[in-house]
Amino acid sequence: MIASRLAALTAKVAHDAGAEILAASSLSRGHDACAANSWMNGFIKPKGSASFAPYHPNLAGMTAVADALERMTSKSLSR
């Protein structure tokens, strides 16, 4: 599967570079396009939406990623 190969390669390169990875895919489990509390756009553009990218994170999804990145970087900076 392409996604698992890409994830493995990304993890290897990050490890080799001494970088950390935020697994956004793990964060979003249970928040798929069909979930009641979805963190991603479905295929149909929501009414009143100025911008739209099907099957990409919506505001709630990007907010969750931003919050996780903030926690991650705060921990790294406090070391």
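The values are calculated or read from the model by the stated rules, or taken from the named source; none is laboratory data. Every value quoted in this text rests on a predicted model; they were computed, and no experiment measured them. Positions of Cβ are backbone-derived with ideal geometry, glycine not excepted, and every protein chain shown enters the neighbour counts.
Would you call Ser25 under 11 Å from the mean Cα position of the chain (by Cα) and modelled with pLDDT under 85?
Details: under 11 Å from the mean Cα position of the chain (by Cα): yes; modelled with pLDDT under 85: yes.
Yes, satisfied.
Mind checking which residues of region 32-61 are under 30 Å from Leu77 (Cβ atoms) and either of a type in the set (A, V, I, L, M, F, W, C) or out of contact with any Pro (no Cβ under 9 Å at 6 or more places or on another chain) (or both)?
We begin by selecting, within region 32-61, every residue under 30 Å from Leu77 (Cβ atoms); these are 39-40, 56-61.
Correct list: Trp39, Met40, His56, Pro57, Leu59, Ala60, Gly61.
Going by what's in this entry, would Leu69 be described as assigned to a loop (DSSP other than H, G, I, E, B), among the aliphatic types (A, V, I, L, M), at pLDDT 90 or above and closer than 21 Å to Leu6 by Cβ? Give the steps one after another, and end with the answer.
Numbers: assigned to a loop (DSSP other than H, G, I, E, B): no; among the aliphatic types (A, V, I, L, M): yes; at pLDDT 90 or above: yes; closer than 21 Å to Leu6 by Cβ: yes.
The answer is no for Leu69.
Take Ser74 and decide whether it is part of a helix (DSSP H, G or I) and loosely packed, with under 14 Cβ neighbours inside 10 Å.
Criteria met by Ser74.
Here is a yes/no grid of residues against (1) within 14 Å of the chain's Cα centre (by Cα); (2) surrounded by fewer than 13 Cβ atoms within 10 Å (Cβ to Cβ); (3) not in a loop (DSSP other than H, G, I, E, B):
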site	(1), (2), (3)
Ala3	yes, yes, yes
Ala19	no, yes, no
Asn37	no, yes, no
Gly61	yes, no, yes
